[in-house]
Structures are given as structure tokens and as C-alpha cells.
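Read-outs: derived from the displayed coordinates by stated rules, not from any lab. These figures come from a predicted structure and were not determined experimentally. For neighbour counting, all protein chains shown are included, and Cβ atoms are generated from backbone atoms with ideal geometry for every residue, glycine included.
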Amino acid sequence: MNNYELMVIFTPVLSEEEFKNAQKKYAEMVTENGGTIVHTNAWGLKSLAYPIQKKTTGIYWVLEYKVDASFNEKLKVNLLRDEQVMRHLITKLDKYAVEYNAVKKSGVGFNNQKVEA
């Protein structure tokens, strides 16, 4: 099982309930296929750097999960078919990214850590 991070930009016209249902749909898809959810983070409505489908804002959502590599193709097909999704990005996390995310979630300050050369 590998660690992955999924970032999705949903269309800004979604209601709060529709947004939560979309999050639940993709989180359940991961767990139904033998994966585990590590962390989920809804960033909310943000401005886009450039217009996508003539929209200048989008609702961001980040999902960190562990799953077998073959599942990502199935997830990608579902994301591409979903009209609520404007963009998505699936990133495989290495051990350093997993460690960084764990430290970030724990709330420990990054400025306190010293880097030795």
C-alpha cells in the first residue's frame, strides 16, 4: 500500500451539502477498495490563478490516503466523469512527504527544527 494525496477543485456553485456529499463519495470509494483515509482537509472557496471553465473561484479539498496503486486509475476515471470536479491531482507521497504531513498535522512549529548539514 502506497501513500497518496488527492487534491480536487470542485465547481463553486455547489451547496455545502453537495460539497459534503462529494467528499463522502470519494472517501468511501477509497475505503471500499481496501484503502484507509489518513487525513482530509476542506480548504473551502479559493480564488483560482487562472479561469477554469469560465470560473474564477473553486472549492478545494485535499484527501491523504493509503491504497493499492491499481485503485488510482479507477479513481481518476470517476473524477473525470464527475461534472462537479473542475480539476484534480493525485500525488504519490514519499516517506519525507508523509513525515512532513504528520508534523504539520500535529501542530509542532517548523521553525523550532534545526537542519544540520
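Just add up the charged neighbours of I37: K/R +1, D/E -1, any other residue whose Cβ is under 10 Å from the Cβ of I37.
That sum, taken over residues with Cβ under 10 Å, equals -1.
With 21 Å as the cut-off, how large is the P(r) tail for the chain, expressed as percent of Cα-Cα pairs? Could the numbers behind the result be given before it?
Values: 2967 of 6786 pairs.
I get 44 percent for the Cα pairs in the chain exceeding 21 Å.
Order these peptides, 38-51, 63-76, by their mean beta-carbon neighbour count within 10 angstrom, highest first.
Working: 38-51: 11.6, 63-76: 16.0.
Per-residue mean Cβ counts within 10 Å order the peptides as 63-76, 38-51.
How big is the dipole moment of the chain about its Cα centre under a simple scheme where the beta carbon of each Lys and Arg is +1, that of each Asp and Glu is -1, and everything else is neutral? Debye, nearest 20, please. If you can, show how the numbers build up before the last one.
Numbers: 16 positive and 14 negative charges, 56 e Å.
In debye, rounded to 20, the chain gives about 260.
How large are Rg and Dmax for segment 34-97 when calculated on the C-alpha trace, in angstrom?
Considering segment 34-97 through its Cα atoms, Rg and Dmax are 13.5, 38 Å.
Tell me the angle of helix 71-81 to the major Cα principal axis of the chain, expressed in degrees between 0 and 90 and rounded to the nearest ten.
That helix lies at roughly 40 degrees to the long axis.
What angle do you read, to the nearest 10 degrees and between 0 and 90, between the alpha-carbon axis of helix 16-32 and the longest principal axis of the chain?
Around 60 degrees separate the two axes.
Along the charge dipole of the chain, which of M7, A27, S47 sits closest to the positive end, that is, farthest toward it, with unit charges on the beta carbon of Lys, Arg, Asp and Glu (+1, +1, -1, -1)?
S47
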